[in-house]
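Some notes on the structure that comes next.
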Amino acid sequence: MSSDERYLRQRTMIVHDLFDRGDIRSQQVKEAMMSVPREHFVPLILKLESYLDRPLPIGHGQTISAPHMVAIMADEMDARPGQKVLEIGTGSGYHAAVVSRLVLPGGHVYTVERVGPLVKFAEGNLAKAGIDNVTVMEGDGSVGLPEHAPYDRIYYTCAAPDVPKKVIEQLAEGGSILAVVGPRNGVQRLLRMKKTGKNLTTESLTHCVFVPLIGELGY
């Protein structure tokens, strides 16, 4: 068995397991998770651990999220074809890669990363995976990415003290934000915020633990 065949087998096993457990609820997310080779998004030294269901370090104090958390967030986001999405915290690029499959055809993911070497890492990983509808930007994601606003969906892959007005203003009418909010160290909450006119409704979804958001409006 070749290494590609081995990784495909491992990917199939974990995706089916996540679906059976209910961490993946929709067929669209199942197909997206199957289409993205996670082994292209982890450091070479950890490649054999690509399909363990846990976070893995990618350097600079950052991690690639566990597959089950990526799946849960992808389902809760409800991204659709043709939408424009903002991700705050690129990391390895894996989460953006999964979301990018959900917005095809015609959609695009913009993702902001503050650590320069991780920008290059993510760009290389996305290229290896053949994904061309993700744009990686270096910058302070705590203030969003106003130059490409408004966005149909915005999501955080790091924990913030709150969701600032400056980011909410970048959300399109009828759009939603998935935010990780809570202490820098400790248990946080995954929130879904929906924008309807001047109203913003907030729903608490689950508890989680992410690395902190660093920047002007972060920690």
Exercise. Under the condition of being among the small types (Gly, Ala, Ser) and more than 21 Å from VAL70 (Cβ to Cβ), which residue from region 193-217 is nearest to the chain's Cα centre (by Cα)?
Worked result: GLY215
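With the structure loaded, tell me whether ARG25 is assigned to a loop (DSSP other than H, G, I, E, B) and either modelled with pLDDT of 95 or more or among the basic types (Lys, Arg) (or both) or whether it fails that test.
Considered against the rule, which asks whether it is assigned to a loop (DSSP other than H, G, I, E, B) and either modelled with pLDDT of 95 or more or among the basic types (Lys, Arg) (or both), ARG25 comes out as yes.
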Seminar exercise, completed: Of (1) modelled with pLDDT under 95; (2) part of a helix (DSSP H, G or I), TYR219 satisfies every one except (2)
Exercise. Applying the selection to region 34-60, what residues are in contact with a Pro (Cβ under 9 Å, 6 or more places away or on another chain) and either among the small types (Gly, Ala, Ser) or assigned to a strand (DSSP E or B) (or both)?
Worked result: SER50, LEU56, PRO57, ILE58, GLY59
Exercise. Restricting attention to region 118-140, and to residues there that are within 13 Å of ARG38 (Cα to Cα) and within 14 Å of the chain's Cα centre (by Cα), which single residue is surrounded by the most Cβ atoms within 10 Å (Cβ to Cβ)?
Worked result: LEU126
For this session: Kindly provide the set of residues from region 132-143 that are in contact (Cβ under 8 Å) with a residue 60 or more places away in the chain and either assigned to a helix (DSSP H, G or I) or farther than 16 Å from THR157 by Cβ (or both), ordered by number.
Result: GLY141, SER142, VAL143
For this session: Tally the residues that are touching a Phe, Trp or Tyr at 6+ places or on another chain (Cβ under 6 Å) and of a type in the set (A, V, I, L, M, F, W, C), restricting the search to region 117-161.
Result: 3
Exercise. When both residues are 6+ apart or on different chains and their Cβ atoms are under 7 Å apart, which pairs have a first residue that lies in region 155-170 and is free of Cβ contacts under 8 Å to residues at least 24 places away in the same chain, and a second that is buried (at least 16 other Cβ atoms within 10 Å of the Cβ)?
Worked result: ASP162/VAL181
Exercise. Just to be sure, is GLU49 under 25 Å from VAL103 (Cβ atoms), modelled with pLDDT of 95 or more and of a type in the set (D, E, K, R)?
Worked result: no
Exercise. Would you pick out the residues in region 144-174 that are among the hydroxyl-bearing types (Ser, Thr, Tyr) and either assigned to a helix (DSSP H, G or I) or within 24 Å of PRO67 (Cα to Cα) (or both)?
Worked result: TYR155, TYR156, THR157
Exercise. If you go through region 141-153 one residue at a time, do you hit one that is surrounded by 15 or more Cβ atoms within 10 Å (Cβ to Cβ) and at pLDDT below 95?
Worked result: no
Problem set entry | Where ASP53 falls short, out of the listed (1) surrounded by 15 or more Cβ atoms within 10 Å (Cβ to Cβ); (2) under 13 Å from VAL15 (Cα atoms) | (1)
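Residues checked against (1) free of Cβ contacts under 8 Å to residues at least 40 places away in the same chain; (2) under 18 Å from ILE214 (Cα atoms); (3) in contact with a helix residue (DSSP H, G or I) (Cβ under 8 Å, 6 or more places away or on another chain); (4) among the β-branched types (Val, Ile, Thr):
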{"position": "SER35", "(1), (2), (3), (4)": "no, no, yes, no"}
{"position": "PRO43", "(1), (2), (3), (4)": "yes, no, no, no"}
{"position": "PRO57", "(1), (2), (3), (4)": "yes, yes, yes, no"}
{"position": "HIS60", "(1), (2), (3), (4)": "no, yes, yes, no"}
{"position": "ALA79", "(1), (2), (3), (4)": "no, no, yes, no"}
{"position": "GLU87", "(1), (2), (3), (4)": "no, yes, yes, no"}
{"position": "LEU102", "(1), (2), (3), (4)": "no, no, yes, no"}
{"position": "LEU126", "(1), (2), (3), (4)": "yes, no, yes, no"}
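The values are calculated or read from the model by the stated rules, or taken from the named source; none is laboratory data. What you are looking at is a predicted structure, and each value in this text was computed from that prediction instead of being measured. Virtual Cβ from ideal backbone geometry, glycine too; neighbours counted across all protein chains shown.
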